[in-house]
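Participant: Take a look at this one; I'll ask things after.
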Amino acid sequence: MRSSRRHWSPVVSSFLRLLRWRRSLRRDLVISTVDAIAYSVMVGCGEMYLGAFVLALGLGPLVVGLVASVPLLVGAVVQLAAPLAVHHVGGRRPWVVICTSLQAASLLPLAWWGWQGSAEPWQLLAATSVYWAAGMAAFPAWTGWMAALVPVRVRTAYFARRNRLGQLAVLLTFVLGGIVLRAEDARQSALTGFSILFLVAAAARLFSSGCLWACREPRRRWQERAAARGPRTVRARIAAGLHDLTSGPGGPLVAFVCCFTFGLQFAGPYFTPYMLEALGFSYGQYLVVFAAGFLIKAIVLPTVGRLNSRLGSRRLLTLAALAIIPLPLLWLPSGAVPWLIAVQFVAGACWSAYELSVALLIFEIAGDRERTGIVNVHSLGLAVATVGGATCGGVVLRAFGEGPEAYAAVFIGSCLLRAAALPLLVILLRRREQQG
């Protein structure tokens, strides 16, 4: 009998270890990291090439700006109903998985149009609107999910490491995507290369959905009671979110990020047309310049995470914003690839600090209690700022004739608009001092 017990003991121990692994925080963090890598693959070989795809179809820089901005507004409006959808589907995890699966499916029409070699602007706007609506509708639920799952004590270090791996995945797939496009362009079939990239992006997002489904969703009784007591209509939820913003620390942050985003997007969508059309870059040169920014972002993220722990997210955000303001001006002295690579090194380090600090501050605003109204208002404001900034930048670009002088006007205007948002950042810092 004892020998039989000894025989089964390793099996029982392995089974118990498996159960502990399935219920452990470490397992969930590993799965979430894999999800981030798969998501980054979709971004690197799909989302990052949307602007170049529009230009390859012969639709011009103005359509690039519309595709980069209008779908974000559609997504933000759809996102307003996300909290109600979470309630109806029975949890944040199933809702997030549904949205990410739909996002994967939205890339398939893009692959088909690449294979066919043509698409109408309204078709691109429709497909990219579904893409962004699905992604943005998942964001508030995912934010609350992660805020409940990842302990505060490890949050900064974990997300710095997670973001670093994600940036590396974006860089690798972006480079591979550029190699594919260059090879297909040499065979006079660049649009077929885009089709391949969008198929890979769709498969990566579908795999990401599987990872999300495998991750646990912590559920606490106070969360269930809060969900039951929460506002039932979209209008009521947005009103609650606005109340939380005006009465809490999130108002100045959201106002600053939205105004700063307006200035960013005044020029942001037009860097790709500037390189591919105004400067006449090949896909290889375009790849090298953009990859430089992603490379440095991945390299400096651990340092940025340590800097955030030492200075705090608000001070890091201030330094990053001040450094980001003049960046578009550095594109004007020269169109040489080595110079622009150096500019991208500087920009990548600044953007790494900006993105990490904003993400951590948003988690802080959402708190452990999922106040999705705040996230909804934040995302809606970002979408409006993105559309407004890209539209105004496009109008200026068209008014100046879409030549080098027009791009210079857009870049200078973007710098001025970014600087105009700084008073809101000062208010954010003063409110923090009053609270501290």
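Participant: Taking V300 as the residue in question, decide whether it is more than 20 Å from T156 (Cα to Cα) and buried (at least 19 other Cβ atoms within 10 Å of the Cβ).
Facilitator: Numbers: more than 20 Å from T156 (Cα to Cα): no; buried (at least 19 other Cβ atoms within 10 Å of the Cβ): yes.
No.
Participant: So which of L330, L322, L279 is surrounded by 18 or more Cβ atoms within 10 Å (Cβ to Cβ), modelled with pLDDT of 85 or more and not polar (S, T, N, Q)?
Facilitator: L279
Participant: Kindly indicate which of G381, G348 is part of a helix (DSSP H, G or I), closer than 28 Å to V152 by Cα, at pLDDT 80 or above and in contact with a Cys (Cβ under 8 Å, 6 or more places away or on another chain).
Facilitator: On the way: G348 fails: in contact with a Cys (Cβ under 8 Å, 6 or more places away or on another chain).
When all the criteria are applied, what remains is G381.
Participant: Also: Which condition number does W145 fail, the rest of (1) among the aromatic types (F, W, Y); (2) open to solvent by 30 Å² or more (accessible area, probe 1.4 Å); (3) over 15 Å from the mean Cα position of the chain (by Cα) being met?
Facilitator: (2)
Participant: Continuing with the same structure: I'd like the residue in region 159-210 that is closer than 20 Å to G51 by Cβ and of a type in the set (S, T, Y) and, out of all such residues, is modelled with the lowest pLDDT.
Facilitator: S189
Participant: Among the numbered criteria (1) surrounded by fewer than 20 Cβ atoms within 10 Å (Cβ to Cβ); (2) within 20 Å of the chain's Cα centre (by Cα), which single criterion is violated by A342?
Facilitator: It is condition (2) that A342 fails.
Participant: Could you please tell me which pairs satisfy a Cβ distance under 8 Å, a separation of 6+ or placement on different chains, a first residue in region 404-429 that is open to solvent by 20 Å² or more (accessible area, probe 1.4 Å), and a second residue that is among the hydroxyl-bearing types (S, T, Y) and in a helix (DSSP H, G or I)?
Facilitator: These pairs meet every condition: L429/T318.
Participant: Let me ask something else about it. Among all residue pairs at least 6 apart or on different chains, which show Cβ distances below 7 Å where the first residue, located in region 50-61, is modelled with pLDDT of 85 or more and the second is of a type outside the set (D, E, K, R) and assigned to a loop (DSSP other than H, G, I, E, B)?
Facilitator: L57/S118; L57/A119
Participant: Answer yes or no as to whether G367 is over 15 Å from the mean Cα position of the chain (by Cα), modelled with pLDDT under 70 and surrounded by fewer than 18 Cβ atoms within 10 Å (Cβ to Cβ).
Facilitator: Numbers: over 15 Å from the mean Cα position of the chain (by Cα): yes; modelled with pLDDT under 70: yes; surrounded by fewer than 18 Cβ atoms within 10 Å (Cβ to Cβ): yes.
Yes: the conditions hold for G367.
Participant: Is it the case, given these coordinates, that A359 is open to solvent by 20 Å² or more (accessible area, probe 1.4 Å), at pLDDT below 90, closer than 27 Å to L422 by Cα and among the small types (G, A, S)?
Facilitator: Numbers: open to solvent by 20 Å² or more (accessible area, probe 1.4 Å): yes; at pLDDT below 90: yes; closer than 27 Å to L422 by Cα: yes; among the small types (G, A, S): yes.
For A359, the condition - open to solvent by 20 Å² or more (accessible area, probe 1.4 Å), at pLDDT below 90, closer than 27 Å to L422 by Cα and among the small types (G, A, S) - is met.
Per-residue answers, yes or no, for (1) touching a Lys or Arg at 6+ places or on another chain (Cβ under 9 Å); (2) open to solvent by 40 Å² or more (accessible area, probe 1.4 Å); (3) within 27 Å of A292 (Cα to Cα):
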residue: I98; (1), (2), (3): no, yes, no
residue: Q103; (1), (2), (3): yes, no, no
residue: L108; (1), (2), (3): no, yes, no
residue: W112; (1), (2), (3): no, yes, no
residue: P121; (1), (2), (3): no, yes, no
residue: L125; (1), (2), (3): no, yes, no
residue: L172; (1), (2), (3): no, yes, yes
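Participant: Which one of the conditions (1) at pLDDT below 55; (2) open to solvent by 40 Å² or more (accessible area, probe 1.4 Å); (3) part of a helix (DSSP H, G or I) does W213 fail to meet, given that it meets all the rest?
Facilitator: (1)
Participant: Open to solvent by 20 Å² or more (accessible area, probe 1.4 Å), at pLDDT 85 or above and among the β-branched types (V, I, T): is that true of T391 in this structure? Outline the logic, then answer.
Facilitator: Values: open to solvent by 20 Å² or more (accessible area, probe 1.4 Å): yes; at pLDDT 85 or above: yes; among the β-branched types (V, I, T): yes.
Criteria met by T391.
Participant: Tally time: how many residues in region 274-319 are outside any helix (DSSP H, G or I) and either more than 30 Å from L253 (Cβ to Cβ) or charged (D, E, K, R) (or both)?
Facilitator: Quick first cut of region 274-319, residues outside any helix (DSSP H, G or I) only: 279-282, 312.
After this cut, where a residue has to be either more than 30 Å from L253 (Cβ to Cβ) or charged (D, E, K, R) (or both) as well, the list is 279-282.
Counting residues in region 274-319 that are outside any helix (DSSP H, G or I) and either more than 30 Å from L253 (Cβ to Cβ) or charged (D, E, K, R) (or both) gives 4.
Participant: Still on this structure, please answer the following. Select from region 315-330 the residues that are closer than 18 Å to A160 by Cβ and within 20 Å of the chain's Cα centre (by Cα) and list them in ascending order. Show your work before the answer.
Facilitator: Keep residues of region 315-330 that are closer than 18 Å to A160 by Cβ, which gives 315-317, 319-320.
Residues satisfying the conditions are L316, L317, A320.
The values are calculated or read from the model by the stated rules, or taken from the named source; none is laboratory data. Predicted model only: the values in this text are computed from it and were never measured. Using ideal geometry, Cβ is built from the backbone for each residue, glycine included, and neighbour counts are taken over all protein chains shown. With ligands, DNA and RNA removed, areas are computed over all heavy atoms of the protein, side chains included. Shrake-Rupley method; radii C 1.70, N 1.55, O 1.52, S 1.80 Å.
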